[in-house]
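Chemist: Okay, handing you the structure first.
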Amino acid sequence: MANLNYTMFDAEKMSTAEYYGKTLCELAAKDSRVVGLSADLAKSTKIGALEKDFPERIFNFGIAEQNMFAAAAGMAEVGLIPFVSTFAVFASMRALDQFHTDACYQNMNVKVIATHAGLSFGQAGSTHHCTEDIGIMRTMANCRVIVPADGRETVNAVKAAYENDGPFYIRINRGYDMPVYPNSDYGFELGKAIQMTDGTDLTIIACGSCVIRAIAAAKQLEADGIRARVLNMHTIKPIDKEAIEKAVVETKRIITVEDHNIIGGLGSAVAETVTEFGKTCVMRKLGVPDTFSIIGLHEDLMAEYGYDANGIVKTAREIIGIQVIDEENWDDDDF
Amino acid sequence: MGLNKEEFLALENKARELRKLTVDTVMWAGGGHIGGALSAIDILTLLYYKYMNIDVSNPKWEDRDRFVLSKGHIGVGFAPVLADKGFFDKELLKTYNHTYSKLGMHLDKNKVVGLDASTGSLGHGLSIALGMALGGRLLGKNFKAYCLLGDGECNEGSVWEAAMAIAHFKATNVITIIDRNKCMIDGRTEDVMGLEPFADKWEAFGFEVRTVDGHDLYALTEVLDYAIKAQNKPVAIIADTLKGCGVADIQDDYRYHYASVSEDAAAKYKKQIDEYHDKRLKLQEKSNG
Ligand SMILES: Cc1ncc(C[n+]2csc(CCOP(=O)(O)OP(=O)(O)O)c2C)c(N)n1
């Protein structure tokens, strides 16, 4: 994914959505089929960056998401590459039938870049939180789902969506993400997890804003002599089964961490692979515990629900203490 | 019902106070939807201090009038109303948006006493109000379901689904009010997604339309009286308003849909609100001879 080397200085200044806007402008400059669609959130989602150089290729549908999603499918049918952006809660739920039937079912080349995902719009409350979208979107056949860890990864995710035909759902946060990567050249591959730290005591599989927290947790655990492997599972679908199976075999303990309901998202996707694999593994899913979140700062909410770095460390210590019993040694009387 | 002089002066004063409390709430919250809150204050004032049949000591009273704030993003303007009515302590406004607070950007009816619907996703409210009205009718109750919508919000197809159904079911117990401040987030409504001819659209959907100055309490009273009595056709009130009404620095400027307000700015804004209301009162007195 060449030639987009933003400096550290840029990273601190640019919100994750700004990385998206910039990347989209680059794609638009080299490919006239790229168009942008928004629903009165062109500025907030940064898709509005297209306005400056490509005013005829940005369409503001007003506050009318259903119309926008179906129109995107129509544009794709005649050969355009529509990028659609609104808040994640509306991108994944307000026009879901349109996305399901008009884009996914018909395998249209529609790219959804959903912002303000998870609890990143913390103070706005449940009408603007989005902790269901990974679960929803990974059940849409044909749709690929990416949850980038920071701005640089967003650049790669958006490019991957552009390069691969068919529907994509990419979820990013509101505001700034702490940088995980110093630039975009770290070998991003669609569907391939990235190992951030090595370890054999347990594996922490994270996505999005939880990756940097998983790395911080691994550092804290090192002090206890616990060596944690951290995987950045940026692509939720198709999920990297190989990396998960390797983690089961080599570490026997897995914690998943996501800014999403613990039902249906990354944790569920990992659990599906683990159970089908059939080898013994202790697993915990961290995220929003199947509740509509309280309001507050994103950081505070992650701490409240136990999936900030401290929460991950706490859960890691717990499962390190659980003895993993191999199948042949199971005592049937235990049940 | 009408509005006598004494009542008018009291309501004018209330609107002034609520505008100032809204500015303070935005300051305490670290930011908020100030523009659309200030455009709606006069409407909220009339509903909550003149029209709505509610009992603060019995907030869940079954026979009460209902209110659905379909443009749910103006919690910073609506929470002050509920607090001032006495549904909860005004001190709570100082915790607005703080982690663990009951008051966030979009109000949650399971946390905020006096609130009839949790809104914030645009385009739901008019249907919720319709459901309340149909339910009320079936249960033999006389309450009204008031609904306040944004004009940008009327881009949503679901608003028109509700409109079609309100006319079809002759649900004249829904009182539809649109805050026509002609601004949304990305620009002015007619630039982002044209709504005009707006009144004709509502008429075509089976409504009787009353367009009114949304900052004139006498005029608003007249149309609300009319809408409440109407039996043949539902009434849609298009209230011509100014986004940010009362604060000269931000008035009628779509860029102040959402803003944060420093302590200094709050003091300045409140002074401007006083100037605005003083002037408005004088004009009103003049026109009444
Ligand atoms: C379904 C939905 N889409 C988008 C948004 C984001 N949003 C919040 S306020 C707003 C603009 C509202 O404009 P308008 O209805 O005119 O309200 P006002 O100008 O009176 O504040 C938008 C697009 C939302 N809350 N709900």
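Chemist: Do you know which residues across segment A:79-92 are outside any helix (DSSP H, G or I) and within 12 Å of the ligand (Cβ to nearest atom)?
Modeler: Answer for segment A:79-92, where residues must be outside any helix (DSSP H, G or I) and within 12 Å of the ligand (Cβ to nearest atom): A:SER85, A:THR86, A:PHE87.
Chemist: For segment A:86-120, which positions are in contact (Cβ under 8 Å) with a residue 60 or more places away in the chain, more than 18 Å from A:GLY265 (Cα to Cα) and of a type outside the set (Phe, Trp, Tyr)?
Modeler: A:ALA103, A:CYS104, A:ASN107 - these are the residues of segment A:86-120 that are in contact (Cβ under 8 Å) with a residue 60 or more places away in the chain, more than 18 Å from A:GLY265 (Cα to Cα) and of a type outside the set (Phe, Trp, Tyr).
Chemist: Please go through segment A:158-179 and pick out each residue that is more than 24 Å from A:THR101 (Cα to Cα) and crowded, with 22+ Cβ neighbours inside 10 Å.
Modeler: Across segment A:158-179, the qualifying residues are A:ASN173, A:ARG174, A:ASP177.
Chemist: When segment A:10-50 is examined, which residues are found to be open to solvent by 30 Å² or more (accessible area, probe 1.4 Å), touching a helix residue (DSSP H, G or I) at 6+ places or on another chain (Cβ under 7 Å) and within 14 Å of another protein chain (Cβ to nearest Cβ)?
Modeler: A:LYS46, A:ALA49
Chemist: Among the residues in segment B:104-118, are any within 19 Å of B:LYS201 (Cα to Cα), among the hydroxyl-bearing types (Ser, Thr, Tyr) and open to solvent by 40 Å² or more (accessible area, probe 1.4 Å)?
Modeler: no
Chemist: Looking only at segment A:62-86, which residues are more than 13 Å from chain B (Cβ to nearest Cβ) and among the β-branched types (Val, Ile, Thr)?
Modeler: Hits for segment A:62-86 are A:VAL78, A:ILE81, A:VAL84.
Chemist: Can you report the number of residues in segment A:108-144 which are closer than 29 Å to B:THR95 by Cβ and assigned to a loop (DSSP other than H, G, I, E, B)?
Modeler: 12
Chemist: List the number of the failed condition for B:LEU103; all other conditions in (1) within 16 Å of the ligand (Cβ to nearest atom); (2) at the interface with chain A (Cβ under 10 Å from one of its Cβ atoms); (3) part of a loop (DSSP other than H, G, I, E, B); (4) aliphatic (A, V, I, L, M) hold.
Modeler: Tallying (1) within 16 Å of the ligand (Cβ to nearest atom); (2) at the interface with chain A (Cβ under 10 Å from one of its Cβ atoms); (3) part of a loop (DSSP other than H, G, I, E, B); (4) aliphatic (A, V, I, L, M), B:LEU103 fails exactly one: (1).
Chemist: Checking A:LEU80 against (1) under 22 Å from A:VAL155 (Cβ atoms); (2) of a type outside the set (S, T, N, Q); (3) open to solvent by less than 30 Å² (accessible area, probe 1.4 Å), which test does it fail?
Modeler: (3)
Chemist: Something else now. When the residues of segment B:49-96 are filtered to those that are within 12 Å of another protein chain (Cβ to nearest Cβ) and away from the ligand (no atom under 16 Å from the Cβ), which remaining residue is surrounded by the most Cβ atoms within 10 Å (Cβ to Cβ)?
Modeler: B:TYR96
Chemist: Still on this structure: Among the residues of segment B:233-289, which ones are part of a loop (DSSP other than H, G, I, E, B), within 30 Å of B:LYS144 (Cα to Cα) and away from the ligand (no atom under 15 Å from the Cβ)?
Modeler: Within segment B:233-289, B:LYS233, B:PRO234 qualify.
Chemist: Please specify each residue of segment B:149-189 satisfying the condition of being away from the ligand (no atom under 12 Å from the Cβ) and assigned to a helix (DSSP H, G or I).
Modeler: B:TRP160, B:GLU161, B:ALA162, B:ALA163, B:MET164, B:ALA165, B:ILE166, B:ALA167, B:HIS168
Chemist: Return only the number of the condition from (1) within 16 Å of the ligand (Cβ to nearest atom); (2) within 13 Å of another protein chain (Cβ to nearest Cβ); (3) open to solvent by less than 40 Å² (accessible area, probe 1.4 Å) that A:PHE59 does not satisfy.
Modeler: In the conditions (1) within 16 Å of the ligand (Cβ to nearest atom); (2) within 13 Å of another protein chain (Cβ to nearest Cβ); (3) open to solvent by less than 40 Å² (accessible area, probe 1.4 Å), A:PHE59 misses (3) alone.
Chemist: Looking at (1) open to solvent by 10 Å² or more (accessible area, probe 1.4 Å); (2) part of a helix (DSSP H, G or I); (3) more than 12 Å from the ligand (Cβ to nearest atom), find the lone condition where A:ALA103 falls short.
Modeler: Among (1) open to solvent by 10 Å² or more (accessible area, probe 1.4 Å); (2) part of a helix (DSSP H, G or I); (3) more than 12 Å from the ligand (Cβ to nearest atom), the lone unmet condition for A:ALA103 is (1).
Chemist: Quick check on segment A:224-241. Is at least one of its residues at pLDDT below 95, surrounded by fewer than 21 Cβ atoms within 10 Å (Cβ to Cβ) and of a type outside the set (Val, Ile, Thr)?
Modeler: Yes, segment A:224-241 contains a residue that is at pLDDT below 95, surrounded by fewer than 21 Cβ atoms within 10 Å (Cβ to Cβ) and of a type outside the set (Val, Ile, Thr).
The values are calculated or read from the model by the stated rules, or taken from the named source; none is laboratory data. This one's a predicted model, so the numbers in the text were calculated from it and none came from an experiment. Reconstructed Cβ throughout: ideal geometry from the backbone, glycine too, with neighbour counts over all protein chains shown. Just so you know, the surface numbers come from the protein's heavy atoms only, side chains and all, with ligands and any DNA or RNA stripped out. Shrake-Rupley method; radii C 1.70, N 1.55, O 1.52, S 1.80 Å.
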